[in-house]
Structure formats: C-alpha cells, structure tokens
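Asks: Encoded as structure tokens, here's the structure I'll be asking about.
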Amino acid sequence: MPNSKDIKTRIQSVKNTQKITSAMKMVASAKVRKAETAVKMARPFADELLTMFKRMLATIGAAQDDGEKYKKAINNYPALLERREVKTEGILVVTSNKGLAGAYNANIVRDVLKRIADNEGKGIKSKLYIIGQKGIAALHHKPDIDIEKTYIAVIDKPNSSGASIIAEDIAEDYVNGKIDKIEIITTKFNNMMSYSVQQWEVLPLEIDYTGEEHKLDALMEFVPSPKAILKEIVPMFITNEIFQALLEASASELASRMTAMSAASNNADEIINDLTVSYNKARQGAITNELIEVVSGAAATSRK
C-alpha cells in the first residue's frame, strides 16, 4: 500500500490537473456561446442560398461554355457546373488544431477513412483537402491516402476570406479535371452537448430538372442575364458552403471540449475523494502502528 506521503503528492497532482481542466472548460464555455450565435445566424442564409441555387439550375439548366476566359477558377461557372463521370472525388476534411476535445477529431477521421474505403470499392479515387492539425497528423501517415492540400490557420477564426482561399484551390482542381466531385466532411453543431459528423455534397448537385415544383416562376426575369447571375451565385455558393462548414465545426469542437473538460473535472473530483479516503486510512494505519509500538515499548519496560 502506498504511504501517506505518496498519496498526498498524488492528490495535489490531481488537484493541479483539475485546475487546468476547469479553466479550459470555462474558456470553451465562453467561446462556444459566441460560436453558437454565429452558426445560428449563418444557417438561414446558407439554406436559402442552396435552395435558390438548386431552383435556378432546375429552371435554366447548367451553363454552356461560351469560350470566356476567367482569371480565377472559382468564377468559371460553366466548368464548375459540368457533370462528368466521377473518377476522383475531392474531400474537404474539417478538423481542429487542438486536442482535449474528447472523440471529436477521431469521429471525423473514422468517417473519412470509411468514405475513402467506400470510394475504393466503387473504383473512385479520393483526394483530401485537410483543415486542422489534428486531421493532418491523423491522416498523413496512413498508406495510400492522397493529401492534396492542407490548411491550419483558417479553423481558429473562421471567416469568409479563409473560405475563399480554400474554395479557389478546390475549384481550380475541379476545373482542371483533377477531381470530378467536391464533398465536405464536417460536424454539424446540434447543441451544447452534441454534434453530428456529416457529409455535404457541394458539386455536382443533384438537381431535378423535370419537377415543376422545383423550378422558379416561369414569368421571372433574370437581370442582366441568367449567365451573369450564375457567374455570381456559383462562387458564392461554394465559398459559403465551406464557410458554413468552418462555423459548424468550430462550434462543435468547442462544445465537445467543454463537455470533455467538464467530465475530466468531475472525474478528478472522484479520484480526489478516493485518494483522500486512502490517505486517511494510511494515516490511521500509521498512527495505529505508532500506538502499538508505544504500548508495546511501555509493556516491555514495565516487565523489566
């Protein structure tokens, strides 16, 4: 049995750890409320943009290449809307830069590996675009995984500028034929206690070109032209999908960290209580032994 000094040292060590986990819980709790507000404010726009984009495509169809030259791939809407046989799928993986968030990153990595395996079974290659150090660290050493690009800073403070950079990189590979599909694997923030790993299809979108209920009003006029609107809405849609994925992931990570640090602090309480009991037992045992020695010594002296 450990002596009382060793137990006391361990109690102090657990208390020091508990101070850290409690502080991390408070920080995550403060940040997650701000992140939750940002997510909930952005969702209506993202949902409406997706609906409008689908209805517009169902109404006017995909744009034809008119030979126009584009400085940025993200503006090349005819090529981005082109539907072709999927030989290589581009997967944008959104993870975090920091750990101590429970199974948050492990859940994402597991879904990514499953997606890659599913693609292999269909004869489809996978190219990864990884956001976050944890995802990079978990996937870079895996055999037969093709990592095209990695991003670190964008997940710490999600913003439209970071999303634009990623959107341009992925759009360029789509236009150049490196990838034939764009998919995002991210986490959707549900509430302070839960999140879910989701796969978002970005391009090409599944559009019902025949269902009249999916189309816009036939009398609607597009000003200045349908092509001009598509030229603006396609890059806006791709960039906003990535931005929304970053917001959802940031809020989910913070919620997961808050929950993990809360559980760690509670576990520390239990450990401290158990160690305190052990410490008291050890201390009582030591006192009892000392009393026995004193009584035995006194008895021996009296017999003399």
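The values are calculated or read from the model by the stated rules, or taken from the named source; none is laboratory data. If you're wondering where the values come from, they're calculated on a predicted model, not measured in any experiment. Virtual Cβ from ideal backbone geometry, glycine too; neighbours counted across all protein chains shown.
Asks: If I go through region 129-146 residue by residue, how many of them are surrounded by fewer than 19 Cβ atoms within 10 Å (Cβ to Cβ) and within 24 Å of Ala79 (Cβ to Cβ)?
Replies: 1
Asks: Can you tell me which condition Leu92 does not meet? The list is (1) surrounded by fewer than 14 Cβ atoms within 10 Å (Cβ to Cβ); (2) under 13 Å from the mean Cα position of the chain (by Cα), and all the others hold.
Replies: (1)
Asks: Filter region 252-281 down to the residues that are touching a strand residue (DSSP E or B) at 6+ places or on another chain (Cβ under 8 Å) and of a type outside the set (Asp, Glu) and list them by number. Step through it out loud before you land on a result.
Replies: In the first step, residues of region 252-281 are kept if they are touching a strand residue (DSSP E or B) at 6+ places or on another chain (Cβ under 8 Å); the result is 252-253, 255-256.
Ser252, Ala255, Ser256, listed by residue number.
Asks: In the list Val202, Val197, Val154, which residue meets the criterion of being in contact with a strand residue (DSSP E or B) (Cβ under 9 Å, 6 or more places away or on another chain), of a type in the set (A, V, I, L, M, F, W, C) and in a helix (DSSP H, G or I)? Walk me through it before giving the result.
Replies: Details: Val202 fails: in a helix (DSSP H, G or I); Val197 fails: in a helix (DSSP H, G or I).
Exactly one residue qualifies, and that residue is Val154.
Asks: Right, here's the next one. What number of residues within region 219-258 are within 15 Å of the chain's Cα centre (by Cα) and within 23 Å of Lys31 (Cβ to Cβ)? Steps first, please.
Replies: First pass over region 219-258, keeping only residues within 15 Å of the chain's Cα centre (by Cα): 241-258.
Remaining after also requiring within 23 Å of Lys31 (Cβ to Cβ): 242-258.
So the answer is 17.
Asks: Taking Leu247, is it at pLDDT 90 or above and buried (at least 18 other Cβ atoms within 10 Å of the Cβ)? Please lay out each step first, then the result.
Replies: Working: at pLDDT 90 or above: yes; buried (at least 18 other Cβ atoms within 10 Å of the Cβ): yes.
Yes.
Asks: List every residue pair whose Cβ atoms lie under 6 Å apart, where the two residues are 6 or more positions apart in sequence or sit on different chains, the first residue falls within region 68-87 and is of a type in the set (Lys, Arg), and the second residue, located anywhere, is part of a loop (DSSP other than H, G, I, E, B) and surrounded by 18 or more Cβ atoms within 10 Å (Cβ to Cβ).
Replies: Arg83/Pro204; Arg84/Asp180; Lys87/Asp180
Asks: Yes or no: Val32 touching a residue at least 40 places away in the same chain (Cβ under 8 Å), of a type in the set (A, V, I, L, M, F, W, C) and surrounded by fewer than 17 Cβ atoms within 10 Å (Cβ to Cβ)?
Replies: So Val32 does not fit the description; no.
Asks: Among the candidates Val39, Val93, Val86, Val112, which residue alone is closer than 28 Å to Lys127 by Cβ, aliphatic (A, V, I, L, M) and part of a strand (DSSP E or B)?
Replies: Details: Val39 fails: part of a strand (DSSP E or B); Val86 fails: part of a strand (DSSP E or B); Val112 fails: part of a strand (DSSP E or B).
Criteria check complete, one pass: Val93.
Asks: Filtering region 1-29 down to residues that are in contact with a helix residue (DSSP H, G or I) (Cβ under 7 Å, 6 or more places away or on another chain) and under 30 Å from Asp156 (Cβ atoms), which residue is surrounded by the most Cβ atoms within 10 Å (Cβ to Cβ)?
Replies: So the residue we want is Ala28.
Asks: Determine if region 53-73 includes at least one residue that is at pLDDT 85 or above, surrounded by 15 or more Cβ atoms within 10 Å (Cβ to Cβ) and not hydrophobic (A, V, I, L, M, F, W, C). Explain how you work it out, then say what you get.
Replies: Taking region 53-73 as the starting set, the residues that turn out to be at pLDDT 85 or above are 72-73.
When the remaining residues are screened for being surrounded by 15 or more Cβ atoms within 10 Å (Cβ to Cβ), the result is 73.
Okay, now just the ones that are also not hydrophobic (A, V, I, L, M, F, W, C), so none.
The answer is no; no qualifying residue exists.
Asks: Here's something else I'd like to know. Pull out all pairs, ordered by first then second residue, where Cβ-Cβ is under 6 Å, the residues are six or more apart or on different chains, the first lies in region 96-119 and is in the same structural domain as Gly135 (by TED's automatic domain parsing), and the second is acidic (Asp, Glu).
Replies: Ser96/Glu253; Ala101/Glu253; Tyr104/Glu253; Asn119/Glu89
Asks: With Gly123, Gly102 as the choices, which residue is of a type outside the set (Ser, Thr, Tyr) and either assigned to a strand (DSSP E or B) or surrounded by fewer than 17 Cβ atoms within 10 Å (Cβ to Cβ) (or both)?
Replies: Values: Gly102 fails: either assigned to a strand (DSSP E or B) or surrounded by fewer than 17 Cβ atoms within 10 Å (Cβ to Cβ) (or both).
Exactly one of Gly123, Gly102 is of a type outside the set (Ser, Thr, Tyr) and either assigned to a strand (DSSP E or B) or surrounded by fewer than 17 Cβ atoms within 10 Å (Cβ to Cβ) (or both), namely Gly123.
Asks: Something else about it: Within region 166-183, take every residue that is assigned to a strand (DSSP E or B) and either modelled with pLDDT of 95 or more or among the charged types (D, E, K, R) (or both) and give me the one that is farthest from Glu36 (Cα to Cα).
Replies: Residues of region 166-183 that are assigned to a strand (DSSP E or B), as a first pass: 181-183.
Next, from what is left, pick out any that are either modelled with pLDDT of 95 or more or among the charged types (D, E, K, R) (or both): 181, 183.
Details: Lys181: 30, Glu183: 24 Å.
This residue is Lys181.
Asks: Can you tell me how many residues within region 229-243 are modelled with pLDDT of 90 or more and closer than 19 Å to Met56 by Cβ? Spell out how you get there, then give the answer.
Replies: In the first step, residues of region 229-243 are kept if they are modelled with pLDDT of 90 or more; the result is 235-243.
Still in the running and closer than 19 Å to Met56 by Cβ: 235-241.
Of the residues in that region, 7 qualify.
Asks: With respect to Asp6, is the statement that it is without any contact (Cβ under 8 Å) to a residue 60 or more places away in the chain and more than 23 Å from the chain's Cα centre (by Cα) true?
Replies: In short, yes.
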